[in-house]
Every structure is written in C-alpha cells, then in structure tokens.
1. Find the residue count for the stretch 13-22, including only residues that are surrounded by 17 or more Cβ atoms within 10 Å (Cβ to Cβ), more than 17 Å from residue 82 (Cβ to Cβ) and in contact with a strand residue (DSSP E or B) (Cβ under 8 Å, 6 or more places away or on another chain).
2. Within the stretch 81-91, is even one residue at pLDDT 90 or above and either surrounded by 12 or more Cβ atoms within 10 Å (Cβ to Cβ) or touching a helix residue (DSSP H, G or I) at 6+ places or on another chain (Cβ under 8 Å) (or both)?
3. Among the residues of the stretch 85-95, is any at negative phi and either touching a residue at least 40 places away in the same chain (Cβ under 8 Å) or within 15 Å of the chain's Cα centre (by Cα) (or both)?
4. Condition first: in contact with a helix residue (DSSP H, G or I) (Cβ under 6 Å, 6 or more places away or on another chain) and modelled with pLDDT under 90. Now tell me which residues in the stretch 45-76 satisfy that.
5. Yes or no: residue 52 loosely packed, with under 15 Cβ neighbours inside 10 Å and farther than 24 Å from residue 97 by Cβ?
C-alpha cells in the first residue's frame, strides 16, 4: 500500500502510514519541544495505540492521517490529516471525522 506518495507538492510528500514510520513519529512526540503541543503519551505503548488507530482509519473509513516527508527525502517530518476515533467527548466529537 505504501509504495508511492498520496500527495506531492513543491516541498512535501504525503504518504499512507506504514509500520516503519512508528519510531520516527514517536521520536517527534516524545521530544520535549514538540511533544508539549501534540499531547504527551505516558508510554510508547500508548502512542502505538494512537498510531495504529490513525493507520486503521484508512481501512475502516477510507481516510486518515498521512505521513509527511520533505520531497525526495526518506525521513519522517511529521503527520497530518483527518482521522476517525472515539474520545468519549460526546456526539460532536465521537464517531465523526
């Protein structure tokens, strides 16, 4: 599934998530400077559950988070996108994109 970018811009490539992206994304959220804006995860297992939920959104709903790379570079720069989840926040937030 992850053999070509989904979207290519002048500066970025957006990819479907793959198993190999997890460690790079965890390093971003675990870093003190970036993690404070992204919602700290208490353990690597907590973040893995978030990563798997976001990746699974593609299978279940046909949309989800995308992995961001600088164009032509293999390193993960971050992620973005719309995902589907249940957070226990009520009808305005649960079971909707």
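1. The total comes to 2.
2. Yes, the stretch 81-91 has at least one match.
3. yes
4. Within the stretch 45-76, 47 is the sole residue that qualifies.
5. No: the conditions fail for residue 52.
The values are calculated or read from the model by the stated rules, or taken from the named source; none is laboratory data. Worth saying up front: this structure is predicted, and the values here are computed from it rather than measured. As a convention, Cβ positions derive from the backbone with ideal geometry for all residues, glycine included, and neighbour counts pool all protein chains shown.
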